[in-house]
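The structure under discussion appears below in the form of structure tokens.
The values are calculated or read from the model by the stated rules, or taken from the named source; none is laboratory data. For clarity, every value in this text was computed on a predicted model and none was experimentally measured. Using ideal geometry, Cβ is built from the backbone for each residue, glycine included, and neighbour counts are taken over all protein chains shown. Heads up: the accessible areas ignore ligands, DNA and RNA and are worked out on the full protein's heavy atoms, side chains in. Shrake-Rupley method; radii C 1.70, N 1.55, O 1.52, S 1.80 Å.
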Amino acid sequence: MKLVFFVVAIVASLLALSSADMYMQNPRGSNNRLNENSANRRTANRMFDSQNNNRGGYNVGDRTDKKAGNDQAKQYRMNYFQSGTYLTQVAPNGRTELTVEWTNQHGCGGNEDTDPHKQNCNIVLQYMCQDNSSDFAPDDGITIRAGSSTARSDYSRLSSASLKQAFINRRNSNTRADRGLNEPWVTYDDCTRRERNKGLFTATQQMANKNAAINTRQNRNGNRNGYECPEERDYYPYWHPTVWTDIAILAQNESLCSYYSAESFNSRAKGTCVEQFANNGGRKHFSEANNPAACAAANGVWTEYQSMLELAPQFTTPAACTADHQDGLTYAWGLPYDIVKINAFENIVPACFVRPPPVDCEAAPWSRSNHLGNGKDGVQLNYKWTLPYFPSMNSKRCILRIRYNISTDDYDPYDTDATNNAQSPVQENPLVQVGAAGQDLRLAINTAQFGRTFQDRGHPFTISPRPTGVSNTDHITNLNVRGKRGNIVQTFPATEYDYAPSRPKIEQGDLVHIQWTGSNSHNNGAPGGDGQTGDAGEGTGGTDCHNLLQSGNPDENFPLPIEKVTMFDGVTVGWVASGIDNLSAADIAVILASAGYYQCMETTKCGAEAVDTKAQLQNQLNNAPASFEGIMLRFNTPGTYYYLCTRNNNFTNRSQKG
């Protein structure tokens, strides 16, 4: 949605949004699921407001062949390796690419003036990262975690401002280690107090609380979804600082890209009102003021913050900070939006920080309306995300978010604002005359949804420094698995199993990081909502298991015998989760065929994890781990290689081939 932004008055004219679901397929979108055995998610407002069907989404990964249960340390977090320095980003070398795949229900893309679509849309991809913690699930209000309970985090609101300790006590009481957390508690508490943007078009919707940013046209009652701020969720680009970093905006028309690039928080500072607790108690995390004039009246300081990739504390002066560091990154001296300090009620002071790269903007990929499936080219809708490079070399814990905005042309999407609310151009379920003796027909219009935002988010994952043996200029392609257990009707609107991407193309000498995650609780049982229950598939019910074996061609459903496997000839290992050195082509083949159950062929190389020592692998992978931590392979011999999964490639039922 396009935003026309006026700094002082905060009057916005926004692209209106309308009904359609959005599901992230790779990385696996949660749709607010955790580990439910049911087809329906248990808590639709657990972490965020998706607006999606209750059946969508994937469970958090399990590390082994057993359910993680209440132990979050037994959950599996996908681990990706960061890009090399941005000096090499103009060419493929140095990039780590992750293919983000999704389905959106009501179409998008291809909205040229000469070939209009049935609606307007855009798709926004963002991520949030923080330094990874050795504690898998600390009991605090800031650390990203999936949780072990499907219940929503608690929240209680004080009726008026009070001493800092009261906020600390309330935050500590509200947040629990077993509850999932994305946005920090302090940002939601701020959202409940900050005045909403009253320049926005709200149509016929009457705000239950006329003043707070938790009340929007789509969420007039201020319903809570985790610690997500509804106003920030519903509008892009947002006019206040946010914990989210922009990746890409896939616009309805490329002509909008210059606007989005200029207004992205990646590139433009955003303002908020900073007030202080009494008695030198430190920085308040909230203010009711949403503009400079109101801030001054509240004895606050209107402060503009900049988005940061991370701090660069090794540079302690502006000159040292902004010198050319020969790493291709942009360093800045100023006020970074440091949520760690805000959470600690500390004032943010000028410091050196790394700026995120500019938001990528391009036309949205084409998809047809009323369809959760592939795009024009027959593959999943996708975007290749170049993962960030963190010069600190600290491991990061992250969340990926995708939003889908859809609108109509029934009113001007850019010049309709709060001045039109008294006489809204759209009314609730209006009657129209068709000229047949006063005959009326009723249109199906919900003004809360005539213009609407949908979203999905993945489960927590990590981005780690590149391992020894992988250079700063190596190009890494991630090869993962999408889908969950069940037939096409049982899994919908998720998908059946497939590799993601299904047909990766790489250059000679590139690295491929093969990794996947699965759940042991995808039973797809009751309640099933408006779809079919059941978990048709092979092996133990409810379990996701995968492997990868070379086949002769895509029409064949038998893997090649190991003596005929050529896929790993000349391959070198850049990294393997086990840390075992000198793996042979046969070792690599058996690792991938067994989903990591075996780590090599012979005891002399990997001890009890060898084929000739370890208890036998069950032939449907029932005792193999649901998640495969991975191996990174450098392919040196050009060619086309085909592969399949022996367990899930069930001809006439489902195909898992690449």
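Some points to look at:
- Pick from segment 197-212, criterion closer than 21 Å to residue 228 by Cβ and small (Gly, Ala, Ser), ranking: most open to solvent (accessible area, probe 1.4 Å): 208
- Qualifying residue in segment 93-112 (condition: open to solvent by 60 Å² or more (accessible area, probe 1.4 Å), under 20 Å from the mean Cα position of the chain (by Cα), in contact (Cβ under 8 Å) with a residue 24 or more places away in the chain and over 30 Å from residue 378 (Cβ atoms)): no
- Output for segment 278-296, where each listed residue is modelled with pLDDT under 95 and closer than 13 Å to residue 186 by Cβ: 282
- Qualifying residue in segment 501-517 (condition: in a loop (DSSP other than H, G, I, E, B) and of a type in the set (Phe, Trp, Tyr)): no
- Residue list for segment 283-321, filter: part of a loop (DSSP other than H, G, I, E, B) and loosely packed, with under 15 Cβ neighbours inside 10 Å: 298, 299, 313, 314, 316, 317
- Of the strands (runs of 3 or more DSSP E) that lie entirely inside segment 402-488, those containing 3 or more residues that are modelled with pLDDT of 90 or more span 440-442, 452-457, 461-464, 476-482.
- Here segment 523-543 is the region considered, the condition is being polar (S, T, N, Q) and in contact with a Ser or Thr (Cβ under 9 Å, 6 or more places away or on another chain), and the residue that is surrounded by the fewest Cβ atoms within 10 Å (Cβ to Cβ) is 533.
- So residue 187, is it β-branched (Val, Ile, Thr) and crowded, with 21+ Cβ neighbours inside 10 Å: yes
- Breaking point among (1) more than 29 Å from the chain's Cα centre (by Cα); (2) open to solvent by less than 40 Å² (accessible area, probe 1.4 Å); (3) hydrophobic (A, V, I, L, M, F, W, C), for residue 244: (1)
- Residues of segment 629-646 satisfying the condition of being surrounded by fewer than 22 Cβ atoms within 10 Å (Cβ to Cβ) and part of a loop (DSSP other than H, G, I, E, B): 635, 636, 637, 638, 639, 640, 641, 646
Conditions tested, residue by residue: (1) in contact (Cβ under 8 Å) with a residue 40 or more places away in the chain; (2) open to solvent by less than 50 Å² (accessible area, probe 1.4 Å); (3) under 28 Å from residue 77 (Cβ atoms).
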{"position": "554", "(1), (2), (3)": "yes, no, no"}
{"position": "574", "(1), (2), (3)": "yes, yes, yes"}
{"position": "593", "(1), (2), (3)": "yes, yes, yes"}
{"position": "607", "(1), (2), (3)": "no, yes, yes"}
{"position": "627", "(1), (2), (3)": "yes, yes, yes"}
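- For segment 338-348, the candidate set comprises residues that are open to solvent by less than 40 Å² (accessible area, probe 1.4 Å) and outside any helix (DSSP H, G or I); within that set, the residue that is nearest to residue 244 (Cα to Cα) is 338.
- Figure legend. Inter-residue proximity from segment 459-471: first residues of a type in the set (Phe, Trp, Tyr), second residues modelled with pLDDT of 95 or more, beta-carbon distance below 6 Å, spacing 6+ or different chains. Indicated pairs: 461/77; 461/78; 461/398.
- So residue 84, is it modelled with pLDDT of 95 or more and crowded, with 22+ Cβ neighbours inside 10 Å: no
- Scanning segment 197-227 for residues that are out of contact with any strand residue (DSSP E or B) (no Cβ under 9 Å at 6 or more places or on another chain), in contact (Cβ under 8 Å) with a residue 24 or more places away in the chain and not β-branched (Val, Ile, Thr) yields a count of 7.
- Residue count for segment 591-624, restricted to those that are in contact with a strand residue (DSSP E or B) (Cβ under 8 Å, 6 or more places away or on another chain), under 17 Å from residue 64 (Cα atoms) and assigned to a loop (DSSP other than H, G, I, E, B): 4
- Some residue of segment 259-279 being in contact (Cβ under 8 Å) with a residue 24 or more places away in the chain, loosely packed, with under 14 Cβ neighbours inside 10 Å and either under 22 Å from the mean Cα position of the chain (by Cα) or not in a loop (DSSP other than H, G, I, E, B) (or both): no
- Check on residue 502, open to solvent by less than 10 Å² (accessible area, probe 1.4 Å), in contact (Cβ under 8 Å) with a residue 24 or more places away in the chain and of a type in the set (Ser, Thr, Tyr): no
- Among the residues of segment 405-425, those that are touching a Ser or Thr at 6+ places or on another chain (Cβ under 6 Å) and either of a type in the set (A, V, I, L, M, F, W, C) or open to solvent by 90 Å² or more (accessible area, probe 1.4 Å) (or both) comprise 406, 415.
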